[in-house]
Structures are given as structure tokens and as C-alpha cells.
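Trainee: Have a look at the structure that comes next, please.
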Amino acid sequence: MSEQTLGQRWIQFLRGYTPTTQNDNMITEKTTNLVARYQIDPIRFEHPLEVSLIPLFFANDGSRKPRNALKNVILTGMAGDGKTSLCYTLWNKLFDSEAPRGKWARQDVSWDGDSLSISFIFDFSAFFTPQEDQLLPPEVLTFLEHFSESIFSEEAPGTIFIVAINDGQFAELWRRLPESSPANRLAGLITDLHATNRRDSEHRLSFYNLSLISTRELFARVYEAFVSRFEWDDCLAHPELKEFGPYSPLIRNLDALRSPQYKNRLHDLVSLCDGCKRHIPIRELLMWMANGLIGLKKAPQGVARLNELRGCLTAEDAYRGALRRNLLGENLTQNQRDRFAIFRFLQGLKLGNETITDLDELIIFGEHLGKLKDAYEALVKPDLFQQRDPSLEHKLRSYIQGGTEDYTEVLDALSSERRRIFFSSDAEALKDALPNRSIWAITVFHSAEDYLIHLLDGGVPDPVPNELIQKLILGLNRVWTGLLAEDTERLFVAKGLNLSSAAISDIFVVGVPITDDFGESLISIVRPGPTSWVPQLRIVWRIGHDPFMFDLTLERFEFLVRVADGVMPNAFSKECWEDIITLKTKFLRHMQRAGFRLTGIRTIETDSSGKLRSVAIV
């Protein structure tokens, strides 16, 4: 190992973050072993919650908080969210020493002149993993009762607990609690905090659900920590080594990953994870980056070792390990991809499977047709990261000349080329070459660009364009009434004679305009804030009453825009149609709880231009 360069050791170390580890529970242990073996520091960055945890114990000037002001801490979330790492960080801040590696540890300290025990459970699954109907072991029950006593005691605590636990483990604990246990009070408090997404309670407990942190915020930190590692400099300093040579997919991938085009596109993709309310834990984001760089199709387990990188000596070899292919999991088996939420999301996106006629014309005919030449030269021909399929031209030529009856290869090649353009092209080139279409039309979410720019970015000062709100109203009107409406200025809420979910709902309930007579917004979009990932549609159905609000996820946005553009609701997605109908049911119940009652019966009908109107019949 002493003969290896830093870059070589770094690549071998990096494999520990890839999907080659079969048991997710062993990843931390494996990474620890690799740190010792290769003398490489793990990938670290400041967790977003650090700034909230440290003030629980220390004042702004660095002094300790009074013992009576201390709170117990629960860190929950998905596996891989960084709970244990946060515990290690907090231990270091409290005791100025490295945390011991084990399932739990306790340290006695002098705090305000009195003795205080601070107990850490670094990973509750290692502390207790239930087996079928196994009762709680006495030591676990004792721990829960001591924990409960510390939380609910009115006196300054003698022991403070910091506990890392996966959110799914709570239910397993509570159903095993004896009815007479004092810890049942703790179960009620934690269940309430978890259900309401609150951090603070009136008792001595702070509750942090790490799964509520947006994926885009986590990814920004993971990305910078990953691409800025100094070990990459050593890789680039040794081009004479074949693993870092001119055809090395690793070096080409690093160049691509550090580019603004890839950085922006990856940020867009993880933002859409938030828009679909899919949380991706830190461990998976690290895996995604590592797999993106050293993934290699047809290599054992789909991830390159140094020897496999040394064997990459042609453009075809470089293409096998192209960054965009690895980011989508093409180097992995289906079973490997299914283990990870990020790959399940990207597969559902169907990136590159959808077609844009203008783009396909450029790819197939652009080099040969004068009217397409300029756009082809600007968008398709550039291969900044040398990752185009080297056999693409041959496949296209055979297709044009009718030299093949099997179109599978050429269709796959077209999909791959669409993905290359999606990842590697800048916004200006795309806009110039495809003035009438968004590149997101090669995914199932054709309207993703509008969603990203106008709805998802909470820092944008400009209001959401009125045209988008009108489209959403048109889509809602068509779904909620079942009529081919053309109204974009007023939202009509209707129900059927027997139930609110009837396909045709022609009993008028209420109509809500976008603005009232004084220009005040009655229907608006609330962008995401500190406590929410997704925008919300806000409907002020009656002044003085609580508005009705619902999450405007990417799926809902896409569905309503498509319906507004003329797609029949059931033809696009029955699941989405049922979801939007359910929202109407919730809206009607919201109005009923506020005291709303129909005073007469009016029907809804359309006029010759498709405008909705209500007509009194009773």
C-alpha cells in the first residue's frame, strides 16, 4: 500500500460508498475499516442541524447553559440521514474528545457545580432490534423509564439523554410497552411531536426529524464536500497512470461532475425529489456521487476497481463508464437499483425515454440538413466531456439508409443521446435550439422547468406568473366538474347529487375568483419555506375563514397542466385523477367544518365557448 499514490488509495477508499456493500447496516463499519486501511479521511461536511443542536447546550458566547435549561434530544429519521454522525459531533463539542465507537456511551461531567450524566445512544437499532413478538428486555424498559423521568421531571435533571433512532422503530417500541409503564407518557409525547412535525415541546425534550430536511439542501453540501476533496488533485497529477489516463472514465466523469452544467442539472433533479415529497438520505447521496464517478458497466458489481480502470483504453470503454449512465444506475442490476430511493425516483422520471420531435430531428438529420445545421452545431455536436456513444453515427446511418430492421439499438442510442444533451448542455443553447419545447419534455414531467423556476424556489422575489395559476384553475375546473370547461379566472367547486367524487359533478357549491373586486388575491401559490418542501395552492373561499390549502406536488402540478392543455384526466393517470378528486372532498369538508351550508340548488353548465355558469333550479 505504501507504493500506491494518494489518488489510487482514494479510489479504493471511495468504493466503500458505492452500492457494492450488500448490507446497508454495515456501511458505517466498512467505511471505518477503509479509513484505517487506506489512511483516508471520510467525506465530512457540516450537517444542517448542527447550528440547532449546539445552542441546546451552549450560549452564544460559548458558555454552558444552566443545567435547568438543558433538554433531552431525540434524532430520528431514515437510515443514512446522519443521526449517528450528529451524535459524534455533539459528543466532541461537549467533551472535546472523539466519541467512542459503540452502541451507547455515558460521560459524567460537572455542570453548574453539580454532577451531570450525559448518555448517548448512537444507534438505537444496535441498542435494541426487536424480533417478532419479543417483549422489551428489562434493560430497554429501564432505559425508557429513566428517559421519561428526565423529560417530565420539574427539577433540574441528573441525566440528559441524546438518542439516535430510526422513525420506524418507535411503533415497535410502543406496542411492546406494558400498559403500566410510566414510559407510556413518553410514547404519547413523541407520537404527537412526530405527527405534527414539531421540534420543541413544553417538556424537557427537543425532537429532530432529519427526514424533514430538504434533499436539495443536503445535496448542496454533499456535492461540495465530494468534488472539493484534495485527493482528486493527486489523481489529475498522474495522467501517466492508465487509471487516470486519457480514456479513463473516472477523469472524464470528474471533469463533467465539476462543470456548471452537471451541477445545475443534478440540483434540479434532487429539487424534483423534494417536489415529489421524496426524501433522499445523506448516505444515498454520497453513494450516488461515488457510483457516478467510478461506476463501470460490465465491471464486477458494476463498480470499477483500479484494474478495471486501467483496462479502459478506448472511447467505447470511456462511454461504458459515462457519468450520466452511472447517475441513472445503468451500471447496476435492477435489484441493486431497487435498493435506493434515488434510483427508484430517476427510473420513474423516464429520463430520455420521452421524445421531442425537434430534438430527434437535430440528432438524426442535423448534420446533413442545411436548415438544421446551426442548431446541430450549437447543441448536438459539442461533446465537452467526451462521453458521446462512439457508435451513434453508425447506428443513425444504418437507420437512415434502412440498413436494419431491428430498431432497438437505434432507439436506445437516441435515448442515450437525449440524456447526454440533457446533462451537458447549458440553458442558452437549449433555448436557442429548442425555442418551443423544454428539454424536460424528454421526461414524464414536461412542466418541470416551470415548476422549478416559478414554484419550487422559495428565494425568488417575483410572484408566480398569473398564467400558471390560470392553468391550474382550468385543470381543477375540468377535474372537479367533469366538464370540458374553459374557465381560467374563477375556480368552480361542485359536487354530484349523491357524492362529491362523482365523475360529473354539476351541483354548484362555490365559485372563487383569482382576485376579488379590490384586487386582493383569493387564489395564490405559497412557495416552500423553512418548514415545507413543496409549494401550496391557497384558496380563500370566504373572507374571514381559514383558507383551504393543499400541497402542490410535482405530480399534481404536471397532471393539472396536462389536463389544462387538453389531455383527458383518466387517460393520463387514474391515480392522479383520484388524488385531485380526493382534494375536492377535503375542500368540501373544510367548508362544512367552517359552517358552510348550501342555501339553494344551482347546477353548473357550459355555454357555447366552454365558460362555466351556475343556474338556479331551486
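Trainee: How would you order 355-361, 116-122 from highest to lowest mean count of nearby Cβ atoms within 10 Å?
Mentor: 116-122, 355-361
Trainee: Would you please name the chymotrypsin sites (Phe, Trp or Tyr not before Pro) within region 231-300 that are DSSP coil residues with at most 12 other C-beta atoms within 10 Å of their C-beta?
Mentor: Nothing satisfies the criteria.
Trainee: May I have the pair-distance distribution P(r) for region 426-488, computed from all Cα-Cα distances with 5 Å bins from 0 and rounded to whole percent?
Mentor: 3, 15, 17, 19, 22, 15, 6, 3, 0
Trainee: Identify all lysines with a Cα-Cα distance to residue 471 below 19 Å; exclude those on the same chain that are fewer than 8 residues away in sequence.
Mentor: Once the sequence-local lysines are set aside, what remains near residue 471 is 584, 611.
Trainee: On to the next question. What FRET efficiency comes out for the pair residue 180/residue 517, r = Cβ-Cβ distance, R0 = 56 Å, nearest 0.05?
Mentor: E(calc), rounded to 0.05, equals 0.35.
Trainee: Only loop residues by DSSP count here, and only those with at most 16 other Cβ atoms within 10 Å; note down the chymotrypsin sites (Phe, Trp or Tyr not before Pro) in region 326-434 that meet that.
Mentor: Listed in order of number, the matching sites are 407.
Trainee: Can I ask one more? Count neighbours as other Cβ atoms within 10 Å of each site's Cβ, and list the trypsin sites (Lys or Arg not before Pro) in region 4-112 that are DSSP loop with at most 12 such neighbours.
Mentor: Listed in order of number, the matching sites are 44, 101.
Trainee: Return the Rg/Rh value of region 305-436, two decimal places, where both radii are evaluated on C-alpha atoms and Rh is the Kirkwood radius.
Mentor: Dividing the radius of gyration by the Kirkwood radius yields 0.98.
Trainee: If each residue of separation counts as 0.36 nm, what is the full-extension length gain between residue 338 and residue 101 once their alpha-carbon separation is subtracted?
Mentor: 82.3 nm
Trainee: If you split all Cα-Cα distances of region 215-342 into 10 Å bins from zero, what percentages do you get per bin, shortest first?
Mentor: That works out to 13, 43, 34, 9, 1, in percent per bin.
Trainee: Looking only at the chain, where both bridge partners belong to it, what percent of the DSSP beta bridges are antiparallel (to the nearest 5)?
Mentor: Counting DSSP beta bridges with both partners in the chain, the antiparallel share is about 70 percent.
Trainee: Less than 20 Å from a label point 7 Å out along the Cα-to-Cβ axis of residue 44: which backbone N atoms in region 71-89 qualify, by residue?
Mentor: Label zone hits: 80-89.
Trainee: Okay, helix-only estimate at 222 nm for the chain: each DSSP H run of n ≥ 4 adds -39500 (n - 2.57), divide by all residues, round to 500 deg cm²/dmol; what do you get?
Mentor: When only DSSP H runs of four or more count, the value is -12500 deg cm²/dmol.
Trainee: Under a point spin-label approximation (7 Å from Cα along Cα-to-Cβ), what is the residue 384-residue 112 distance to one decimal in nm?
Mentor: 5.7 nm
Trainee: When the Kirkwood radius is taken over all Cα pairs of the chain, what Stokes-Einstein diffusion coefficient follows at 4 °C and 1.567 mPa s, in µm²/s?
Mentor: 46 µm²/s
Bear in mind these aren't lab numbers, they're just calculated from the coordinates by the rules spelled out. From a predicted model like this one, the values you see are computed outputs, not experimental measurements. FYI the Cβ positions are ideal-geometry reconstructions off the backbone, even for glycines, and counts take in every protein chain you see.
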